[in-house]
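Please treat every number below as a calculation from the coordinates, not as lab data. All figures in this text were calculated on a predicted structure; none of them were measured in a lab. Note: ideal-geometry Cβ built from the backbone for every residue, glycine included; neighbour counts use all protein chains shown.
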Amino acid sequence: MDIKAQSLYSELQALSAQAQMGISDQAVMPANPSSQNFGDMLSQAINNVNSMQLDSKDQARAFEMGDKSLSLADVMIAKEKAGIAFDATVQVRNKVVEAYKQMMNMPV
């Protein structure tokens with residue numbers, strides 16, 4: 001198995017550029033970010049993580065069945081991306097639950 005460091009580096013640079021563009025797009029958002037429905041944003045994020053996991057599973061199944069268009073590196077990268085996205089989602093959930101508990105313990 002041959003993994004090219006240059007191709008991985010260029011992919012990471014592309015992802016970084018996409019992330020920076022996403023941050024700059026968010027900077028143009030309206031002055032009141034609370035106008036967006038938090039439930040919709042959360043639902044969209046969970047659906048994105050779910051689709052990443054399903055795509056990773058489909059790629060792994062195709063590779064196991066002998067699809068020559070997929071390399072092991074592609075499958076493992078998709079699996080790791082899905083795992084990292086899921087871990088980040090769990091961390092966000094933990095922070096939201098912690099904030100909720102703190103708010104509930106505040107004296108009125």
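Residue by residue, the range 67-76 carries 3J(HN,Hα) couplings of 5, 7, 7, 10, 9, 4, 5, 4, 5, 5 Hz when phi is fed to the Karplus relation 6.51 cos²θ - 1.76 cosθ + 1.60 (θ = phi - 60°); x denotes Gly or Pro. How about Lys68: which lysines have a C-alpha closer than 29 Å to its C-alpha, ignoring those fewer than 8 places off in the same chain? Reachable lysines: Lys4, Lys57, Lys79, Lys81.
If you take all other residues with their beta carbon under 12 Å from the beta carbon of Phe63, and give Lys and Arg +1 and Asp and Glu -1, the sum is 0.
Equivalent-ellipsoid semi-axes for the range 37-108 (Cα gyration tensor, √(5λ), whole Å, largest first): 37, 12, 7.
The residue list Val90, Ser56, Asn105 was ranked by how far each Cα lies along the charge dipole of the range 37-108 toward its positive end, using unit charges on Cβ atoms, and Asn105 comes out on top.
Each Cα pair under 8 Å and six or more residues apart adds its sequence gap; the mean of these over the residue count of the range 37-108 is a relative contact order of 32 percent.
Each residue of the range 90-98 was assigned a 3J(HN,Hα) from its phi angle through the Karplus curve 6.51 cos²θ - 1.76 cosθ + 1.60 (θ = phi - 60°); the sequence is 5, 5, 5, 4, 4, 5, 5, 5, 5 Hz, with glycine and proline shown as x.
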